[in-house]
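**Student:** Dropping a structure here in structure tokens format, bear with me for questions.
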Amino acid sequence: MVEVHGVSKIFGDVVAVSDVTFAVRPGVTALLGPNGAGKSTLFRMMCGLTSPSRGSVRVLGADARQDRGVRGRIGLSSQQDALFDRLDALDFVQVAAETHGVADPIDAARWALELVELNPDDPRPVSGYSKGMRQRTKLAAALVHNPDVLILDEPLNGLDPLQRRRMIEMLEDLGAQGRCVLVSSHVLEEVALLGSRILVIAQGRLVASGDYRELREMMDDRPHQVSIEADKPRSLAAALVESGTAVGVRVEGGAVVADTLDADRLGREIAPLARRLDARLRTVLPLDDDLESVFRYLVERR
Amino acid sequence: MSTPAAAWPPTDVGRRVGAARATALCYRVLIRQIVSTGRIAALGALGTTMIVVGWVVGSSSSRNGGSAAGMIFDGASYADGFGLIVIVPIVSLVFAAASLGDARDDGTLVYLWLRPMSRAPLAAAAALASVTVSLPLCVAPTVLGGWLATDFVAGSGRVALGSLAAAALGTIAYSCLFVLAGLLFRKAVLWGIAYILLWEGLAVGLGEFAERLSLRGYARTLLARIAEVDLGLVTYRLVTAVIVLACVSAASLVLAAVRLRHLDVD
Amino acid sequence: MSESAESAESPIAAADGAAQILDQRYRPYDGDRHGLAGAMRAVIVSSMRFTLGLGRPARHKFLPWLAFVIALVPAIVYVGIATVLDIDLISENILPEYHEYYGYIQAALFFFCGIVVPEILVADRRNGMLPLYLATPLRLWSYLAGKAMAVAATLAVITIGPLLFLLVAYTLEGSGPSGLGDWLLVLVRILSAGVAIAATVTAASLAISSLTDRRAFAVIGVVLLLVGSGLVTSALVETAELDPRLYAFNVFELGAELKDRIYGVGPPTPFAGDDGAPGRSLSELATWFVLCANAAWVLAGAVVVWWRYRRIEATQ
């Protein structure tokens, strides 16, 4: 649904995005990268808000900068905090519906606001809203015209934990309905919750794409860490090193933290090893199968 | 956050918005954005000052036995000097530069830009919104101030009519020009003031060529021709002035629409 | 503390000397402190750099430097032409008299005070720098005094610089004042007229700039005050023939009138009325009145700025 081919964006002396190529299919895809990595610039190019210096961006087969029809099928929640501050939320979302040609804009606006758990009858102008409420108002405006492609730049900023969880569930549902939902974030935990498909961008370059667990598996040149809680941790640690399953171990409290080059082998061999030592295993937990370690490895190569 | 229903709400989703509808929608939003109590109060006070001083000038001049021709000249000069040179360009600048310029600067332009609409209606709506707010704030003081300054002597109606035409067409032309400026420059108000002070204030004194490139000369021509008063500097034929002001307005809007097509939106 | 300072001074020693831990944590500055004078100097220098667009992209330089060009270039051109053509500067009327040059200066002054000066006060409030300044040895009065000095120093280039250049050029060409006494008199006139012509306009500009955090609004306000006060007072006095003391409200021309009094000249060409008699102008006013009116504007401007910043300080 979104195709980015050989795209670069240069602002004066600054290369914001450099030779990026990827394609996004329906479902939720997370664009992950530190602040200033070029995520928002990529989103702006997808929406046609700025044109690429090189390469091409196609959304639903067309360039949103040129094609009016495609612009009507994109929903954008930008990173900018500004809204039309003199309008109340219903007016704001209604304007979004009307300017997208929605036939029944008031009903659609009410529905979208209720979807993001805002009161459509709140008479306050949006200038009086909290950051989280403004964020949800923007999301309602992005959703109100039933877009095929939803582009959300840091949509979880300013939401409390409960709202974040609900927002993530909603985005997953939207993705499951066959929409293309692109979400950017620099917060790793958010992206880990959003779905397994990620695009990692750093210093304007795409450094990885795909399922982050698969990406983690591809990084075999770096040991995995596994925490093993057992009642004979020192014996277990010695046996792991002796068998060659672990390349390093340390004992922390009642747990062995093992560095291994082959997590699958460790998973297969740990139970027989424990039985041979007459040790009781309580937990076996991969420590670095999280997104942060993937991200740190890809971006910082450590 | 609720889970969205499998079916989207019962709306018939259109994918394009016609030019007239788009203009009306953008106009509705932009006019609410540019009107603020502070702006209206400050610029309204300026207009009120012009009207009050016009009344003082008119009543004092007639009390001092001024001739009818002199008072017609005084009224027209006053409408020109205060209305056309100060109020019309500055009031137009404040609202027109804000219409799309503020939206561009604060990032809200995206909510009107990323829509299935062409660009021309957005430019037209910005100009319409600016003109709607500026017109009463420019025309009322210019016409009333100039008319009161004549103390209603015979022929003062011509001053009022000339002021009306000049202020109205001047406001429209300046508004369109400054809508374009709002898209061309960040801090368009500063550049607009620089244009008003340096070009229309200083450079026009350098020669006829410079004056031909300033809107002020064409607006004052309307006043001078209709009021039948010689206001000095260059005056053109009435038709020429009207055509030039109309062409500047139209060209500014076309360029604003083109600029919107190629604009980088935040 | 001493350990960290020591380690900071010799970080390389650890490579081949005794083992040591380099403390990379926060260390307070313990060098020389320049106190209030240093803080004021910092305000003045940074304000002048910011105002003139130094160290900023070209678009920030354009407007302030344009004011300098308007004020200075005619003087340079006059002197250049006269020198190249080897003409006596004064007798051939190539160069204006000192007081006749102020037309260019007034144009530049209007432009500079209208568009550039507001940024000097507005920027610190908008960028949140004011609380940071006030967390230093600066107090409100010293911060504002620093700002005023920055404005004065910058404006001196416009209001005094061209005249000093002309004075030097006249003197070198042999057309300057005869004798040291006259020369010093002209110098004093140039300096005092430079202050006089800028004082009211600057005070009004700073006062309006203190009332809003948006530069555009400040600029519009200053321009409207300068233009509007001139239009209203001339309409009331010249057309409606009211009391000429109303000219006390003509912010822009008051300073120019004081300058004329300093040079001991009247207005160049009084306007003629319908009856052919000379029109009315500020020259009808007594010198003490002109001086008091100027002082009143400066005082009023200072009071508005002080009152406004006291309120801002109280709310931050």
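The numbers here are math on the coordinates, done by the rules we state, and not lab data. Because the structure is a prediction, the values reported are computed rather than measured. Glycine also receives a Cβ, built like all others from the backbone with ideal geometry; neighbour counts cover every protein chain displayed.
**Student:** Compute the Cα gyration tensor for segment C:36-315, then decide on rounded, prolate or oblate, letting a ≥ b ≥ c be the square roots of its eigenvalues: rounded whenever a/c is under 1.5, prolate when a/b is larger than b/c in the other cases, and oblate in all that remain.
**Tutor:** It comes out oblate by the Cα gyration axes.
**Student:** Given Cα pairs under 8 Å that are at least 6 residues apart, what percent is the relative contact order of chain B?
**Tutor:** 26 percent
**Student:** Cα gyration tensor of segment A:219-288, axes a ≥ b ≥ c as square roots of the eigenvalues: rounded (a/c below 1.5), prolate (a/b > b/c) or oblate?
**Tutor:** Taking the square roots of the gyration eigenvalues as a ≥ b ≥ c, segment A:219-288 is prolate.
**Student:** Give the separation of the Cα centroids, segment C:213-254 to segment B:99-113, in Å.
**Tutor:** 35 Å
**Student:** Moving on. Summing Lys, Arg as +1 and Asp, Glu as -1, what charge do residues with Cβ under 9 Å from the Cβ of A:Ser8 carry, A:Ser8 excluded?
**Tutor:** The answer is +1.
**Student:** Ok, one more. Test of understanding: what is the full-extension gain from B:Phe209 to B:Ala246, defined as 0.36 nm times their sequence separation minus their Cα-Cα distance?
**Tutor:** Extra length available between B:Phe209 and B:Ala246 comes to 11.4 nm.
**Student:** Also, I was wondering about something else. Restricting to Cα pairs below 8 Å that are 6+ residues apart, what does the relative contact order work out to for segment C:36-315? Please round to a whole percent.
**Tutor:** So the answer I get is 20 percent.
**Student:** Set the Förster radius R0 to 35 Å, insert the Cβ-Cβ distance between A:Gln66 and A:Glu252 as r into 1/(1 + (r/R0)^6), and round the FRET efficiency to 0.05.
**Tutor:** Plugging the Cβ-Cβ distance into 1/(1 + (r/R0)^6) gives 0.05.
**Student:** Let me ask you something else. With a cut-off of at most 15 other beta carbons within 10 Å, and DSSP calling the residue loop, which GluC sites (Glu not before Pro) in segment C:172-275 qualify? Please list them.
**Tutor:** none
**Student:** Right, something else. Could you tell me what percent of the DSSP beta bridges with both partners in the protein assembly as shown are antiparallel, to the nearest 5?
**Tutor:** 70 percent
**Student:** Please sort by residue number the trypsin sites (Lys or Arg not before Pro) in segment B:236-266 whose DSSP state is loop and whose Cβ has at most 12 other Cβ atoms within 10 Å.
**Tutor:** B:Arg237
**Student:** Calculate the length of the line joining the C-alpha centroid of segment A:126-188 to that of segment B:175-220, in whole Å.
**Tutor:** 45 Å
**Student:** Working from the pairwise distances between different alpha carbons, so that the mean of 1/r is found and then inverted, what is the protein assembly as shown's Kirkwood radius in Å?
**Tutor:** About 32.5 Å for the protein assembly as shown.
**Student:** Average partner chain C-beta neighbours within 10 Å, per residue of A:85-96?
**Tutor:** For peptide A:85-96, the averaged partner shielding equals 3.
**Student:** Also: Give a residue-ordered list of calculated ³J(HN,Hα) values for segment C:194-202 (Karplus: 6.51 cos²θ - 1.76 cosθ + 1.60, θ = phi - 60°; whole Hz; x for Gly, Pro).
**Tutor:** With coefficients 6.51, -1.76 and 1.60, one gets x, 6, 4, 5, 9, 4, 5, 4, 5 Hz.
**Student:** Let me ask something else about it. Calculated from DSSP H runs of 4 or more alone, at -39500 (n - 2.57) each and per residue, what is the 222 nm mean residue ellipticity of the protein assembly as shown, nearest 500?
**Tutor:** Rounded to the nearest 500, the figure is -18500 deg cm²/dmol.
**Student:** Same structure, new question: Among B:Val91, B:Val179, B:Val248, whose mean-square fluctuation peaks in a Gaussian network model of chain B (Cα, cutoff 10 Å)?
**Tutor:** B:Val248
**Student:** Long-range amide H contacts for A:Val207: which residues qualify at under 5 Å (H placed 1.01 Å from N, peptide plane, sequence gap of 5 or more or a different chain)?
**Tutor:** A:Val200, A:Ile201, A:Ala202
**Student:** Using alpha-carbon pairs under 8 Å, 6+ residues apart, how would you state the relative contact order of segment B:118-243 in percent?
**Tutor:** Computed value for segment B:118-243: 25 percent relative contact order.
**Student:** With 10 angstrom as the radius, rank C:Phe68, A:Phe84 by how many other C-beta atoms surround their C-beta, starting from the fewest.
**Tutor:** C:Phe68, A:Phe84
**Student:** Is chain A best put as rounded, prolate or oblate by its Cα gyration tensor, with a ≥ b ≥ c the root eigenvalues, rounded for a/c under 1.5, and otherwise prolate when a/b is larger than b/c, oblate when not?
**Tutor:** prolate
**Student:** Using all C-alpha to C-alpha distances in segment B:22-71, build P(r) with 5 Å bins and read off the rounded percent in each one.
**Tutor:** Computed distribution, short to long bins: 4, 17, 13, 12, 10, 10, 9, 8, 8, 6, 2, 0.
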